[in-house]
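Taking it in order: structure first as structure tokens, then the write-up.
Every number here is computed from the coordinates shown, using simple stated rules; none is lab data. Worth saying up front: this structure is predicted, and the values here are computed from it rather than measured. Note that we place each Cβ from the backbone using ideal geometry, even for glycine, and neighbour counts take in every protein chain shown.
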Amino acid sequence: MCERRVFVAAMAMLVAGCSFVPPYQRPPLPTPPSFPVSEAVTPAPADWRTYYPDARLTALIEAALAHNRDLAAAYARVAEARANAAMARAERLPPIEGNASASRSRTPADVTGMNRERTASRFDVNLGVTSFELDFWGRLNALSDAARAQYLASEEAARSFRVSLIGEVAATWYLLNELDTRLRLAQQSLDSRLRSLELTRRRQQAGLASELDVAAAESLVATARSDAADLARQKAQAINALQLLTGMAVTVAAPEEVSLPEPLAAGLPAEVLTRRPDVRAAEQQLLAANFNVGAARAAMFPRITLTAAFGTASAALGDLFAAGSQAWNLATGARGPLIDFGRNQANTEAAEARRAAALANYEKTLQQAFREVADALAAENEGRHQVAAQEELVRAQEARLARVRARENAGVASDLEVLDAQRSVFAARQTLAASRRQLATARVTLYKALGGGAE
């Protein structure tokens, strides 16, 4: 009676199936409970068109999303992972095959045992299943779940690249705006220094300036020309970078001063970081590794296979579908490791090591994401203060220029004083353009770090 109960319990376990996949629970957040304090109050919008409303920038981002080759390759990898997941899922279902065969054979008389030759024919048509594994231990189910997690990880990786691509296009656009502004200011500064050089030469002719003064003015002109040439080179490279990002040749008009993106609020790390596609991709990789541990453990048990076929068979082709020609066969088998010299155990330990590595990678991704958000918050906060201070400096220099011009009109100040005040205004505006671009880049980085634009 006891043996019967044990047998019934064992059969019930086989029919119900079992799983060796370790239970999964999301690891705790390995970061501080909050980000540095930010004065920003606007949440990050999911739609990048809301965050970047400039029509010219929108057109560039849409072109990049449509034509960037790296993004196309990322989507191709997603399609490949999706196909792999579908194949792994199909392994859990019995493949039904159709088979038709015809054979004819001759046996010599001295072999038949009846002292006469024998000629035989056979025709078969059947549907069947060949060596289908019955997933009693959950091995195929674990492999299917692992493949699905890999597919989801590749999908999140593509989203992460999409977010980075949008951010890179926006950052390059703001860089182009800065370089165009600074180039125009550099050209104005060159014009101012050329006028200063001309005045210095006239003063020399009048005996009011020395050759050293002329040489110093010529040096300033050469420096201004060099600065303008360098900025022109950087602007051309920024345009080339946009063309590479968009995957096509684009005509980029010199942008006027564009408005900066709005400041953003970070929120709590547990809410923000788990929305990032790279964090979700790392967690899917951890899940896949967890399922692979279950598959490796299940491989240590026997694999039970089923072979079955149903159809017709006949010695004559004309009788193949006649009454009584039905034929069928059913077979099952089991094979499992007896002595593998620790191969399966080593494979299981390797799978567990890969799961530990995936866990470490997941935690590192979270920590890196936390740092990116914290750095972007710090850059955004300090950038706003820097832009405000630089705007104040520009106003002060412009006020100084206005006073010098008033003195010039009154005959008190010289042309050289006016040119010097103009150069100070140009320099302050140059620094302001750079500060505004740095603030824009910080907000672009923060939007990207918060996972904005993933959908």
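Other residues within the sphere of radius under 12 Å centred on the Cβ of Ala402, judged by their own Cβ, net out at +3 (K and R +1, D and E -1).
Once backbone amide H atoms are built at 1.01 Å from N, Arg118 has Thr107 as its partners under 5 Å, excluding neighbours fewer than 5 places away on the same chain. Remark: region 288-302, residue by residue, has Karplus-estimated 3J(HN,Hα) of 4, 4, 5, 5, 5, 4, x, 5, 5, 5, 5, 5, 7, 10, x Hz, where x stands for each Gly or Pro and the curve is 6.51 cos²θ - 1.76 cosθ + 1.60 at θ = phi - 60°. Against the chain, whose longest principal axis is taken from its Cα atoms, helix 139-205 shows a tilt of about 10°. Per-residue packing, averaged as other Cβ atoms within 10 Å, sorts the ranges 185-191, 83-89 into the order 185-191, 83-89, beginning with the highest.
Per the Debye calculation on region 343-455 with a single equal scatterer at every Cα and no solvent contribution, log₁₀ I(q)/I(0) for q = 0.13, 0.19, 0.23 Å⁻¹ amounts to -0.71, -0.95, -1.11. Shape summary of region 77-203, radius of gyration then Dmax from alpha carbon positions: 38.8, 134 Å.
Our note on the geometry: Cα centres of region 180-242 and region 78-153, 81 Å apart. Measure nothing fancy, just the Cα-based angle from helix 69-90's long axis to the longest principal axis of the chain, in degrees from 0 to 90, nearest 10. Here the helix axis deviates by roughly 20 degrees.
With respect to the chain, whose longest principal axis is taken over its alpha-carbon atoms, helix 2-16 is tilted by about 50°.
Here the Karplus curve 6.51 cos²θ - 1.76 cosθ + 1.60, taken at θ = phi - 60°, turns the phi angles of region 96-111 into couplings of 8, 10, x, 9, 9, 8, 9, 9, 9, 9, 10, 10, x, 4, 6, 9 Hz, with x standing for Gly and Pro. Sorting 326-332, 105-111, 193-199, 278-284 by their mean Cβ neighbour count within 10 Å, with the most densely packed peptide first, gives 278-284, 193-199, 326-332, 105-111. When Ile166, Ile96, Ile61, Ile239 are arranged by Cβ crowding within 10 Å, least crowded first, meaning fewest neighbours, the order is Ile96, Ile239, Ile61, Ile166. Computed from backbone phi, the HN-Hα couplings of region 435-445 come to 5, 5, 5, 5, 5, 4, 5, 4, 6, 4, 5 Hz, rounded to whole numbers (Karplus: 6.51 cos²θ - 1.76 cosθ + 1.60, θ = phi - 60°; Gly and Pro given as x).
Secondary-structure-derived ellipticity at 222 nm for the chain, considering helices only, amounts to -22500 deg cm²/dmol, per-run term -39500 (n - 2.57) for DSSP H runs with n ≥ 4. With the highest mean first, a sort of the peptides 312-323, 120-131, 436-447 on other beta-carbon atoms found within 10 angstrom per residue produces 436-447, 120-131, 312-323. With a simple spin-label model that places each label point 7 Å from the Cα along the Cα-to-Cβ direction, the separation between Leu330 and Ala265 comes to 6.6 nm. Under a 5 Å amide H cut-off, with hydrogens placed 1.01 Å from N, Leu134 pairs with Ile304, Thr305, Leu306 among residues at least 5 apart or on other chains.
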